[in-house]
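Could you have a look at this structure, given as structure tokens, before my questions?
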Amino acid sequence: MRAVGMILAGGNSYRMKELSNKRAIAAMPIAGSFRGIDFALSSMSNSNIQKVAVLTQYNSRSLNEHLSSSKWWDFGRKQGGLFVFPPMVTSDNDFWYRGTADAIHQNLDFLRQCHEPYVVIASGDGVYKLDYAKVLEYHIARKADITVVCKDLPSTEDATRFGLIRMNEESRIVQFDEKPMAASSHTVSCGIYVIRRRQLIELIEKSIEEGRHDFVKDVLIRYKDVKRIFGYKIKDYWSNIASVESYYQTNMDFLKKEVRDYFFRQYPDVHSKVDDNPPAKYNPGSKVKNSLIANGSIINGYVENSVIFKKVFVGDGCVIKNSIVLDDVYLGDNVYLENCIVESRDTLRANSRYVGEDGIRIVIESNERYVL
Amino acid sequence: MVKKEMIAMLLAGGQGSRLGVLTSKVAKPAVAFGGKYRIIDFPLSNCINSGIDTVGVLTQYQPLRLNTHIGIGIPWDLDRNVGGVTVLPPYEKVGKAEWYTGTANAIYQNLAYMESFNPEYVLILSGDHIYKMDYEVMLDYHKAHKADVSIAVMPVPQEEASRFGIVVTNENGRILEFQEKPEHPKSNLASMGIYIFSWKVLKEALLTLKDQRNCDFGKHVIPYCHEKGQTLVAYEYNGYWKDVGTLGSYWEANMELIDIIPEFNLYEEFWKIYTKNDILPPQYVAEDSVVERCLVGDGSEIYGEVYNSVIGCGVVIEKGAVVRDSILMQNVVIREGAVVERGIIAENSVIGARTQLGIGEERPNRVKPSVYAFGLAVVGEDTVIPPDVRIGKNTAVTGKTLPEDYPDGVLESGETLDKAGDVQ
């Protein structure tokens with residue numbers, strides 16, 4: 001592959017509420033056995049990108065743990081590898097990453113030393129499968145300076161938390177509004193860009209010189225009429241998980257057969273770090289309807305329309321409806337859950353009741369766990 | 001210089017013919033077990049959990065699945081710069097080519113491999129038992145008793161002792177006598193086929209017995225060491241240990257995993273069992289399905305009903321299908337309305353819609369009554385069973401079968417339908 005990958009995974013969003021207290025968005029567990037960043041990493045690996053840099057900043061411990069070995073995504077070759085770059089104090093820099101452009105700037109040496117002519121920039125909060133080689137082909141065919149991957153949202157969905165794009169008939173981007181108050185379009189930027197490496201270095205150097213630190217505002221939007229910036233539309237599933245509602249909805253999407261088939265049964269596969277858990281176990285009295293259950297879980301109670309992550313224990317008489325229970329949660333007997341997201345490693349006491357009355361309730365309990 | 005205190009040699013070349021069509025294309029250690037594992041995962045995990053990072057795996061019979069499963073040992077952390085896991089197939093030598101003719105002969109042919117690690121001790125294991133055991137504790141016992149050979153033994157009920165190789169010990173654990181399947185057992189300690197040898201003793205014995213035909217540990221090497229007056233001790237093991245050599249015991253061992261708190265617990269944090277994960281996604285259980293008393297592997301999709309069963313990874317059980325008391329291995333598909341009772345269905349097989357498997361009266365199998373017994377219906381890997389047929393008990397089916405292979409749509413109990421040429 002003629003591109004190097006860069007994943008901007010340092011961000012946080014107030015829209016994630018308490019869920020981001022524990023981890024960066026890129027490390028959010030998804031669909032029972034995956035993490036947010038797996039989709040970008042797997043797409044890169046499956047597109048034969050061999051060298052990937054992950055830029056981290058906010059709350060990165062959980063993410064680092066997930067990326068502790070590059071073998072799960074088949075990186076770690078003699079040519080290339082998986083690199084994790086947190087901000088770093090050097091003789092000529094003592095700032096955190098002040099923005100996405102600054103984050104790239106602080107790692108410009110990495111880009112300078114690459115030999116690949118192109119860079120694929122992605123974020124860690126998208127759930128999708130994408131052949132970046134096709135995007136690159138498109139980019140070259142259009143003689144583009146920058147290609148922005150975008151997606152048409154249904155008009156019912158609120159698009160104002162995204163960058164909104166308007167393209168002309170030859171797919172050149174003519175308008176780009178970053179998180180506007182009112183939606184001007186329903187084509188949103190997926191935060192995935194293809195750009196020539198030398199072009200990127202040049203643009204970033206110039207922006208930083210001018211004291212501008214944001215890739216979208218200070219590069220994409222600023223250069224919109226000067227550079228040839230094109231849009232590439234994703235036709236298949238794409239979803240962003242950077243708010244509690246969309247995180248919940250994305251997980252629930254995996255209860256649909258077509259979404260599962262697309263991600264789990266069609267080529268290529270999504271890869272993730274492997275936990276050595278035993279198969280899931282269903283004890284007498286368990287009843288499960290329309291739910292995903294991940295490995296290592298033991299189910300005794302009733303589960304409906306829910307996603308149960310790895311190593312979850314569901315006690316006798318529990319009722320779980322329309323909820324997401326993250327990894328390694330212990331539910332005592334007769335717990336009632338409805339419209340909830342239960343934070344990982346929680347222990348919920350027997351006979352407790354949690355209901356999201358209007359919207360999704362995030363349950364965080366740090367009770368002592370007594371298990372043999 | 002390379003030096004390892006103890007290395008393990010894992011005998012994984014056997015066919016396991018009593019598992020019938022399950023082992024027609026794979027060696028017994030590569031047979032699936034417990035939803036996502038293969039039998040060899042247990043001794044391999046025991047090795048790494050015991051701190052043994054150098055394991056030679058001796059293969060001979062149908063090694064492809066075993067080789068791809070083991071790879072370079074990543075799942076067990078056995079990908080090492082020095083040591084790690086090495087697959088050791090038989091090989092051609094100057095002037096002659098020879099298969100592994102017996103357990104000890106196989107080890108003898110790999111003296112050079114063992115020598116390269118300068119070990120003090122060599123652990124001999126077989127790849128066909130389900131158990132968790134700390135070999136380091138056994139090594140401590142070996143050292144404390146200044147033994148030349150330690151044999152792991154476990155107490156069996158006195159009335160069953162005549163089915164095993166029995167060792168008779170004195171009060172210090174020193175072995176006085178061996179009895180192979182004795183009529184009148186003098187003790188109830190059965191050998192588990194797990195040995196620790198001091199390296200010099202093993203090397204000397206193997207070199208002395210190198211011309212012995214079908215040289216075997218139980219029959220030749222151990223008796224030789226005993227006669228030579230070396231210190232043989234018995235290391236008593238009291239945990240769960242299951243030989244899964246027959247279809248009956250294989251089925252039973254799988255079923256025992258489903259108990260609420262099984263004697264052999266895979267869910268303990270301590271002493272994890274590792275395996276190669278091919279399939280990652282979670283499993284999906286649909287609206288109108290029933291899953292009760294089951295183990296279900298990753299990526300399976302269940303739309304029908306499953307009771308008392310061990311389901312592997314990537315299995316699909318369609319709407320209206322009913323699976324009871326069965327073992328389904330990876331990527332099996334049970335089509336709409338099919339019924340499976342006491343079935344063992346190997347990898348990638350498809351059971352047609354409304355087909356019934358494992359029904360009717362029990363009758364002994366006509367071809368291999370001792371193998372296809374226990375009232376089980378066994379389906380080999382990559383088998384296709386057409387829709388709307390009925391298959392009885394104590395049966396075996398392999399290959400891509402067609403409706404005309406079933407006269408009147410029935411395969412009676414005790415019959416064998418072999419379209420893959422798997423049943424010898």
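What distance in nm separates the two pseudo spin-label positions at residue A:236 and residue A:202, each 7 Å out from Cα along the beta-carbon direction?
Computed distance between label sites residue A:236 and residue A:202 equals 3.4 nm.
Strictly greater than 53 Å: what percent of every Cα pair in the protein assembly as shown meets that?
In whole percent, the share of Cα-Cα pairs in the protein assembly as shown beyond 53 Å is 22.
Using a 7 Å offset from the Cα along the Cα-to-Cβ direction at both residue B:319 and residue A:365, what is the distance between the two label points in nm, to one decimal?
Between residue B:319 and residue A:365, the label points sit 3.8 nm apart.
Only four residue types carry charge here, +1 at the Cβ of Lys and Arg and -1 at the Cβ of Asp and Glu. Report the dipole size of segment A:70-171 about the Cα centre in Debye, rounded to the nearest 20.
I would put it at about 320 debye.
On to the next question. Tell me the angle of helix A:197-209 to the major Cα principal axis of chain A, expressed in degrees between 0 and 90 and rounded to the nearest ten.
Rounded to the nearest ten degrees, it is 90.
Averaged over peptide A:28-36, how many Cβ atoms belonging to another chain are found within 10 Å of each residue's Cβ?
Numbers: counts 0, 0, 0, 3, 7, 8, 3, 0, 0.
Averaged over the peptide's residues, the number is 2.
If you don't mind, another one. Cross-link candidates for residue A:287: which aspartates and glutamates have Cα within less than 14 Å, leaving aside residues fewer than 8 places away along the same chain?
Candidates past the 8-residue exclusion: A:304, A:316, B:287, B:288, B:292, B:305.
Cβ under 12 Å from residue A:289's Cβ, residue A:289 left aside: what net charge do those residues give with Lys, Arg +1 and Asp, Glu -1?
Working: positive: A:287, A:321; negative: A:304, B:287, B:288.
Neighbourhood net charge equals -1.
Let me ask something additional. Got the relative contact order for chain A handy, in percent, Cα pairs under 8 Å and 6 or more residues apart?
15 percent
If you put +1 on each Lys and Arg Cβ and -1 on each Asp and Glu Cβ, how big is the dipole of segment B:276-421 around its Cα centre, in Debye rounded to 20?
Here segment B:276-421 has a charge dipole of around 360 debye.
For segment B:303-414, which semi-axes, largest first and in whole Å, follow from the square roots of 5 times the eigenvalues of its Cα gyration tensor?
Rounded to whole Å, the semi-axes are 20, 15, 13.
Residue B:22: net charge of surrounding residues, Cβ under 14 Å, Lys/Arg +1, Asp/Glu -1, itself excluded?
Values: positive: B:18, B:25, B:28, B:38, B:65, B:368; negative: B:128, B:347, B:381, B:382, B:418, B:422.
Counting the neighbours of residue B:22, the net charge comes to 0.
Please list A:304, B:120 in order of solvent-accessible area, largest first, computed with a 1.4 Å probe with all protein chains present. Intermediate results must be reported in sequence, preceding the final value.
Numbers: A:304 40, B:120 85 Å².
Largest accessible area first, the list is B:120, A:304.
Count charges around residue B:256 for me, please; just the other residues with Cβ under 9 Å from its Cβ, Lys/Arg as +1, Asp/Glu as -1. Walk me through the numbers before you get to the answer.
Numbers: positive: B:242; negative: B:252, B:259, B:263.
Cβ neighbours under 9 Å give a net charge of -2.
Something else now. At 1.4 Å probe radius, can you tell me the per residue accessible area of chain A in Å²?
Result: 42 Å² of accessible area for each residue.
Under 27 Å from the Cα of residue A:235, which lysines turn up, not counting those fewer than eight places away in the same chain?
Within the straight-line cut-off, residue A:235 pairs with A:51, A:129, A:134, A:143, A:151, A:179, A:217, A:224, A:227, A:256, A:257.
Averaged over A:83-95, how many beta carbons belonging to a partner chain fall within 10 Å of each residue's beta carbon? Walk me through the intermediate numbers first.
Numbers: counts 0, 0, 0, 0, 0, 0, 0, 0, 0, 0, 0, 0, 0.
For this peptide, the per-residue mean of nearby foreign Cβ atoms is 0.
Could you work out the relative contact order of segment B:23-142? I mean the mean sequence separation of Cα pairs under 8 Å and 6+ apart, divided by the number of residues, in percent.
33 percent
Need the list of aspartates and glutamates near residue B:143 for cross-linking: C-alpha distance under 18 angstrom, and skip anything on the same chain fewer than eight residues off.
In chain and number order, the partners are B:5, B:120, B:134, B:171, B:236.
Place a +1 charge on the Cβ of each Lys and Arg in segment B:330-370 and a -1 charge on the Cβ of each Asp and Glu, then give the dipole magnitude about the Cα centre in debye, rounded to the nearest 20.
It works out to roughly 160 debye.
Using a 10 angstrom cutoff on alpha carbons, build the Gaussian network for chain A and name the most mobile of A:294, A:350, A:133.
Highest fluctuation among the options: A:350.
Additional query: Take the solvent-accessible surface of the protein heavy atoms, probe 1.4 Å, and return the percent of it on segment B:219-319 that carbon and sulfur atoms account for.
50 percent
How would B:25, A:78, B:146, A:224 line up by accessible area, probe 1.4 Å, largest first?
Solvent-accessible surface, decreasing: A:78, B:146, B:25, A:224.
Any idea what the relative contact order of segment B:293-424 is, in percent, if you count C-alpha pairs under 8 Å spaced at least 6 apart?
After rounding, I find 16 percent.
Just counting partner chain Cβ atoms within 10 Å, what average do the residues of peptide A:104-115 show around their Cβ?
Mean shielding count: 0.
The values are calculated or read from the model by the stated rules, or taken from the named source; none is laboratory data. Fair warning: this is a prediction, and the values are worked out from it, not measured in the lab. Neighbour counts run over all protein chains shown; Cβ positions are idealised from the backbone, glycine included. Side chains included, ligands, DNA and RNA excluded: accessible areas come from the protein's heavy atoms. Shrake-Rupley method; radii C 1.70, N 1.55, O 1.52, S 1.80 Å.
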